[in-house]
Amino acid sequence: MEEIYSISKIYYKTCVDFSLLKLKGAILFLSGFMFMVITLYLIFKHHGLREAQDHYFIAAQVVGMVLLLYARNEYDRNLVLLLQSKTQNASSDIKIQKALYLTSLTSHIGPSFFEVMKNINETQKIHRINKLFTPDSFGNSFVSFIYDPESKNRILSLLIYLISLITMLTVVKSESTISIYSIIEELNIHMIFGFFGWSAFIIILFYLVFIWMFTVAFSCIISPVMLTFANKRFLLKYLMTELSKYAFLDKKLAAQESNM
């Protein structure tokens with residue numbers, strides 16, 4: 001297992017490195033991040049979007065996302081240059097470069113990414129079964145004692161029953177005199193379309209602003225920090241994710257090389 005952990009750490013350290021942004025990418029990233037944060041601050045400060053100002057806020061958010069996108073492209077470009085020096089391949093496709101680099105790291109574990117994942121999973125199972133209770137494994141043993149993944153379905157069922165019980169105990173008879181039919185009668189087609197239109201816009205804006213910004217921040221800032229403080233399981237999971245992402249691409253590249 002130590003060899004697998006070592007490979008996962010090497011791959012993570014190579015492909016997830018904030019310094020790959022370089023000066024240009026760092027400026028783009030910080031500028032885009034500041035655009036997003038300042039705009040969100042102003043929106044919350046003014047208690048939401050105003051009709052006279054909403055287009056300015058939206059434009060600022062778009063500018064911030066574009067800057068972050070350029071920063072990501074700069075990161076990927078520098079990563080490709082780094083991997084080219086390791087794989088001795090001139091391809092500018094980041095997927096091909098990552099697949100070639102993974103092949104160079106894992107070729108002694110299996111002839112393909114699929115076989116590598118199978119061998120790693122089998123090794124993990126054997127390691128868990130025959131693992132001794134030692135001081136360095138105390139943390140994992142304690143976590144397994146608190147929560148076992150095999151008990152997930154049973155715990156989920158008990159949680160659903162608990163929520164249902166709490167709901168039944170807290171439901172009270174409504175004494176409101178407001179009729180649902182009178183509310184429906186007051187609605188018109190413009191209000192309905194306006195409601196669903198703004199709801200869709202807010203959902204999309206929330207995804208683009210929060211989820212996408214968090215994804216970029218995670219890949220550029222949080223992930224490098226995790227390299228220092230993360231345990232071996234996190235790094236191994238990242239390696240397995242990358243192997244599954246580029247599964248069978250290694251076979252395609254090998255077939256192309258054999259035909260040349």
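Pop the C-beta distance of residue 27 and residue 233 into the FRET formula with R0 = 22 Å and round what comes out to the nearest 0.05. Computed FRET efficiency for residue 27 and residue 233: 0.05. The alpha-carbon of residue 86 sits under 27 angstrom from the alpha-carbons of these lysines, leaving out residues fewer than 8 places away in its chain: 9, 13, 22, 24, 95, 98, 118, 232, 237, 245, 251, 252. Extension gain, residue 3 to residue 58: 0.36 nm times the residue separation minus the Cα-Cα distance gives 14.9 nm. Length gained on full extension, residue 255 to residue 85, computed as 0.36 nm times the residue gap minus the Cα-Cα distance: 59.0 nm. Fewest neighbouring Cβ atoms within 10 Å first, the residues 31, 199 line up as 199, 31.
Fewest-first ordering of 101, 41 by other beta carbons within 10 Å of each residue's beta carbon gives 41, 101.
Length gained on full extension, residue 119 to residue 157: 10.3 nm, using 0.36 nm per residue less the C-alpha separation. Summing Lys and Arg as +1 and Asp and Glu as -1 over all other residues whose Cβ lies under 15 Å from the Cβ of residue 244 gives a net charge of +3.
Bear in mind that the values in this text are calculations on the coordinates, not laboratory data. Owing to the predicted nature of the structure, the values given are computational and were not obtained by experimental measurement. Note that each Cβ is placed from the backbone with ideal geometry, even for glycine, and that neighbours are counted across all protein chains shown.
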